[in-house]
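Enquirer: Below is the structure I would like to discuss, written out as structure tokens.
The values are calculated or read from the model by the stated rules, or taken from the named source; none is laboratory data. From a predicted model like this one, the values you see are computed outputs, not experimental measurements. For neighbour counting, all protein chains shown are included, and Cβ atoms are generated from backbone atoms with ideal geometry for every residue, glycine included.
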Amino acid sequence: MYALYARQSIEKKDSISVESQLDFCKYETRGEPCREYADRGYSGKSLNRPAFEEMMGDIESGKISKVVVYKLDRISRSILDFSNLMETFQKYNVEFISTTEKFDTSTPIGRAMLNICIVFAQLERETIQKRVTDAYYSRSKKSFYMGGRVPYGFALEQTTIDGIKTSWYVPIPEESEHIKLLYSLYCDPSNSLCDVIKHLNEYGIENLRGGTWSTARISEMLRNPVYVKADADVYEFFQSQGANVVNPVSDFTGDNACYLYKGTISTTRKQCDLTDKDIVLAPHEGIVSSRDWIKCRIRCLNNRQSTRTCKPKNSWLTGKVKCGNCGYALVIRQAKTRWKRYFVCSAVSSTQKCKGAGTVYADVLEEYMLNAIKEKLAEFKALSIQQEAVISPKLNENKIRLLAIDREIDDMLSKVATANDILMGYINDKVTGLDAERRKLKEEIQTLSCQSDDANTLQITNHAETWENVSFEDRQAVVDALIKVIRIANGEIVIDWKI
């Protein structure tokens, strides 16, 4: 019996339909019995197709003696898949016929020509994939909507950008308020994702898109740059994380949000990793301040995976302690000895080669850090905690100009190696002027930052004396606020303070 196989990935006006393919194939049967197999909407890059698998099952059962297709690439566009397919056909004594290419697989020349044609079929598929990828990358750089799930807080609305029809996000008032609440809650270091969900449930704040609130879903919202009012601080943050920022810093005025794209380099990195990903300013306005967004994003980035349900097995220093030899985190371990908790380098048990920082007993390290923190806090008569972020437009303008000056100076210095005496004189004068402007801007930024920070503050006195009564969660928050990292190696402890 003949097997007539047809496939069509996308139905387009200039493509041959499944029905037409089967009509061509029927001509080869000369009226003999045949069975039709058709896959609609499936690509030729894979053999995972329902009708194709059914046909292969019939071949293995001995029901099929000849397979007829309209064209070679209808059955496969992969050299490896097609080679394996030919071996299967030979195993079950099945002939293969292409109505347009007229292959005879019973001769060496016919099989050789068949392999040559499948090479060009795969080349065509890869060329199409490259065109699609290039088109996607080009459109994404122009802030076009590229499909996907519409983020919570927004609805999709038709618009036109540069004369091309596309879509953009418009805020849904009630959902947008939910987003603002999520960020304000998670900005508080004492609130975990579970605490945020607990707050939402306690006050009857329902997910307006159905279902229940989950930590995974909320974490995704807290990382998404589609909500941020992108200013110069956001630009610097993305650059520091290794992202490809498409727009110049002058466009980061604190109004528009951002789109995050995968980028041209495929990666299997964690979701929080922005390396080699593309950041493009979106046409819609953001709804969360840059300060709150960056704070939440960093919390997600430095999530210490420390739950409050197992405090005895953890330490309020977890996530801050690093190996001084390899830079990997020191993780907490549990033992049945007198010293129940201890830190070890996480790279020692992995594929990384590290001699480790030795065994660091958690109780001893906590006592040492407790004294170090109390000594540090004693240096200050009072501590100020900002209640409300007040962002000055002038502050953002100065930051944008400062970044632009840094780029100009770097550009000038890159020309020094090939410069003659005349050009060197010009470079010296230009760099001197830029450096003077740079120092002035830094002074203004410092002044404006102090004015912003002093807008609404609470002062805390006798902080050093009250440390003994601070809770486990509050100690974690204090460590987050005071310490960047604690490095331990060869019996030495180095503390990198934030203050």
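Enquirer: Name the single residue that is surrounded by the fewest Cβ atoms within 10 Å (Cβ to Cβ) among those in the range 239-259 being part of a loop (DSSP other than H, G, I, E, B) and out of contact with any strand residue (DSSP E or B) (no Cβ under 6 Å at 6 or more places or on another chain).
Expert: Applying the first criterion (part of a loop (DSSP other than H, G, I, E, B)) to the range 239-259 yields 241-243, 246-248, 252-255.
Still in the running and out of contact with any strand residue (DSSP E or B) (no Cβ under 6 Å at 6 or more places or on another chain): 241-242, 248, 252-254.
Working: Gln241: 17, Gly242: 11, Pro248: 13, Phe252: 26, Thr253: 16, Gly254: 21.
The selected residue is Gly242.
Enquirer: Next question. Please state which one of Ser167, Ser184, Ser138 is modelled with pLDDT of 65 or more, in a helix (DSSP H, G or I) and polar (S, T, N, Q). Explain how you work it out, then say what you get.
Expert: Working: Ser167 fails: in a helix (DSSP H, G or I); Ser138 fails: modelled with pLDDT of 65 or more.
Selected residue: Ser184, the only one of Ser167, Ser184, Ser138 that is modelled with pLDDT of 65 or more, in a helix (DSSP H, G or I) and polar (S, T, N, Q).
Enquirer: Going through Ala481, Ala477 one at a time, which residue ends up being in a helix (DSSP H, G or I), modelled with pLDDT of 75 or more and either surrounded by fewer than 13 Cβ atoms within 10 Å (Cβ to Cβ) or in contact with a Pro (Cβ under 6 Å, 6 or more places away or on another chain) (or both)?
Expert: On the way: Ala477 fails: modelled with pLDDT of 75 or more.
Result of the check over Ala481, Ala477: Ala481.
Enquirer: Return the residues of the range 271-293 that are of a type in the set (A, V, I, L, M, F, W, C) and more than 15 Å from the chain's Cα centre (by Cα); say none if nothing qualifies. I'd like the intermediate steps shown before the answer.
Expert: Step one: of the range 271-293, the residues of a type in the set (A, V, I, L, M, F, W, C) are 272, 274, 279-282, 287-288, 293.
Within the range 271-293, Leu281, Ala282, Ile287, Val288, Trp293 meet the criteria.
Enquirer: In addition: Report, by residue number, each residue of the range 226-238 that is part of a loop (DSSP other than H, G, I, E, B) and in contact with a Phe, Trp or Tyr (Cβ under 7 Å, 6 or more places away or on another chain). Even if it seems obvious, please write down each step before you answer.
Expert: Within the range 226-238, the first condition is being part of a loop (DSSP other than H, G, I, E, B), and the residues that meet it are 229-231.
Of everything in the range 226-238, those that are part of a loop (DSSP other than H, G, I, E, B) and in contact with a Phe, Trp or Tyr (Cβ under 7 Å, 6 or more places away or on another chain) turn out to be Ala230, Asp231.
Enquirer: Could I ask something else about it? Does Tyr227 satisfy the condition of being in contact with a helix residue (DSSP H, G or I) (Cβ under 7 Å, 6 or more places away or on another chain), hydroxyl-bearing (Ser, Thr, Tyr) and at pLDDT 90 or above? Quick ask: steps written out before the conclusion?
Expert: Working: in contact with a helix residue (DSSP H, G or I) (Cβ under 7 Å, 6 or more places away or on another chain): yes; hydroxyl-bearing (Ser, Thr, Tyr): yes; at pLDDT 90 or above: yes.
When the stated conditions are applied, Tyr227 passes them.
Enquirer: Within the range 17-32, can you find the residues that are among the aromatic types (Phe, Trp, Tyr) and either outside the structural domain of Lys63 (by TED's automatic domain parsing) or more than 13 Å from Tyr5 (Cβ to Cβ) (or both)?
Expert: If we filter the range 17-32 for residues that are among the aromatic types (Phe, Trp, Tyr), which is where we start, we get 24, 27.
Of everything in the range 17-32, just one residue is among the aromatic types (Phe, Trp, Tyr) and either outside the structural domain of Lys63 (by TED's automatic domain parsing) or more than 13 Å from Tyr5 (Cβ to Cβ) (or both), namely Tyr27.
Enquirer: May I ask you to list the residues in the range 367-410 that are surrounded by 12 or more Cβ atoms within 10 Å (Cβ to Cβ), among the acidic types (Asp, Glu) and at pLDDT 75 or above?
Expert: Asp406, Glu408
Enquirer: Filter the range 326-358 for residues that are in a strand (DSSP E or B) and of a type outside the set (A, V, I, L, M, F, W, C); which is modelled with the lowest pLDDT? Even if it seems obvious, please write down each step before you answer.
Expert: First, pick out the residues of the range 326-358 that are in a strand (DSSP E or B): 329-334, 341-345.
Subsequent filtering for residues that are of a type outside the set (A, V, I, L, M, F, W, C) retains 333-334, 341-342.
Numbers: Arg333: 79, Gln334: 73, Arg341: 81, Tyr342: 82.
For the range 326-358, the residue satisfying everything is Gln334.
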